[in-house]
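We did not get these values from a lab; they are worked out from the coordinates using the rules stated. Just so you know, these numbers come straight off a predicted model, no measurement behind them. Cβ placement follows ideal geometry from the backbone for every residue including glycine, while neighbour counts extend to all protein chains displayed.
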Amino acid sequence: MTDTTHSTKTALSYFTAAFIVTAVGLALGGWLGWQTSDTLAGAASIFFICCVLAILEISLSFDNAIVNANKLKDMEPLWQRRFLTWGILIAVFGMRIVFPVLIVVVAAQVGPVQAVVLAASKPDEYAAIMHDAHLPIAAFGGTFLMMVAFNFFFDHEKDIHWVHALEVWAARYASVQGISIAVVLAVVLSFAAFLPEGEAAVFVTAAVWGLFTFLLVELLGGILDSKAQATAGAARGGLGAFLYLEVLDASFSFDGVIGAFALTNNLFIIAIGLGIGAMYVRSMTIMLVHKGTLSEYRYLEHGAFYAILVLALIMYAQSLVHISEIITGLIGTAIIGVALLSSLRWNRRVEERPAT
């Protein structure tokens with residue numbers, strides 16, 4: 001499909017697949033509610049929960065779509081298509097279905113089949129296991145996301161700044177080797193200091209694994225993509241970038257998956273609701289790439305990375321106090337909204353500037 005064709009597509013047309021998945025998912029959710037309760041009220045309740053979960057996933061992952069688009073725009077068309085097909089299958093079925101099952105497999109030391117049976121027959125016990133696993137998940141995901149954010153800000157080649165003083169400082173010290181790692185570890189140890197000794201050890205260990213995973217993905221990405229360039233000549237953002245985006249999506253998914261258990265203990269309802277939301281994130285990613293939205297709005301990308309940084313801090317803070325996922329989603333959306341308004345003001349000033 002040519003760029004001209006992309007430019008003529010309406011924004012709404014990018015969400016056709018998401019609308020179809022929404023219709024099928026909500027119908028399935030309503031049917032599941034009817035099967036489990038034999039009442040219209042029960043069907044309506046499950047239908048509503050699926051809608052809320054989808055909205056929660058979209059609000060938590062809007063910044064994910066922006067970051068995905070930023071990475072995808074530099075990838076080869078082949079790998080773009082692979083991420084938007086294989087990647088969405090991994091995101092929906094892997095993170096929203098397989099991931100919660102694997103947590104129970106590890107935490108309860110049972111087989112995968114037993115974990116699925118536990119989710120279906122004893123949802124309260126299943127939810128309790130997921131809740132107990134929240135501390136290491138928050139530390140792991142928060143650390144990975146914080147490194148993603150710092151990787152954007154600690155860049156000496158970065159010359160567009162939104163929060164000028166802070167970003168100029170970060171760019172100035174970006175050449176100091178290991179500065180982002182040192183800052184992340186300092187934040188981790190600061191939060192760990194407020195936790196009981198046993199929980200602090202679990203928190204720090206999981207955070208170190210999150211840091212290791214980020215560095216490993218960066219290393220593997222560099223090796224894989226450099227080999228691709230050596231063999232194919234002009235390969236851009238291939239398997240390495242694909243792996244990076246998959247781990248990034250997993251980190252974004254942690255908060256939504258855990259938070260979903262506050263609304264329902266039913267794994268299958270959670271999968272339907274979050275799966276619907278994931279389809280909208282995919283559609284937003286495609287639209288941002290095809291329409292070149294990131295280049296049109298100067299500070300939109302900055303807002304996404306600030307939202308990621310705030311999400312990482314909230315995931316750390318959840319080890320100490322409960323913070324509603326709705327609040328988390330609203331904060332991230334608000335930051336991106338402010339960045340969009342700042343971009344619109346910049347565009348207006350440029351248009352009003354007299355020609356020289």
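Could you put LEU220, LEU274, LEU267, LEU118 in order, starting from the residue whose Cβ has the fewest other Cβ atoms within 10 Å? If you can, show how the numbers build up before the last one.
Values: LEU220 14, LEU274 30, LEU267 25, LEU118 19.
The most exposed by this proxy come first: LEU220, LEU118, LEU267, LEU274.
Scanning the chain for long hydrophobic helices, with DSSP H runs required to stretch 15 angstrom or more by C-alpha along their axis and to average at least 0.0 on the Kyte-Doolittle scale, returns 16-37, 40-72, 134-153, 179-192, 197-232, 239-260, 267-291, 300-317, 325-352. A value for mean projected area of the Cα convex hull in nm² was derived from the coordinates, and within the list (i) 16.6; (ii) 18.2; (iii) 21.1 it appears as (iii).
In what sequence, highest mean first, do 44-52, 146-154, 62-70 appear when ranked by Cβ atoms within 10 angstrom?
Highest mean packing first, the order is 62-70, 146-154, 44-52.
The count of lysine pairs in the chain that are at least 8 places apart or cross chains, and whose C-alpha atoms lie under 26 Å apart, stands at 10. Helices in the chain, meaning DSSP H runs of at least 4 residues, each add -39500 (n - 2.57). Divided by all residues, the mean residue ellipticity at 222 nm is -25500 deg cm²/dmol.
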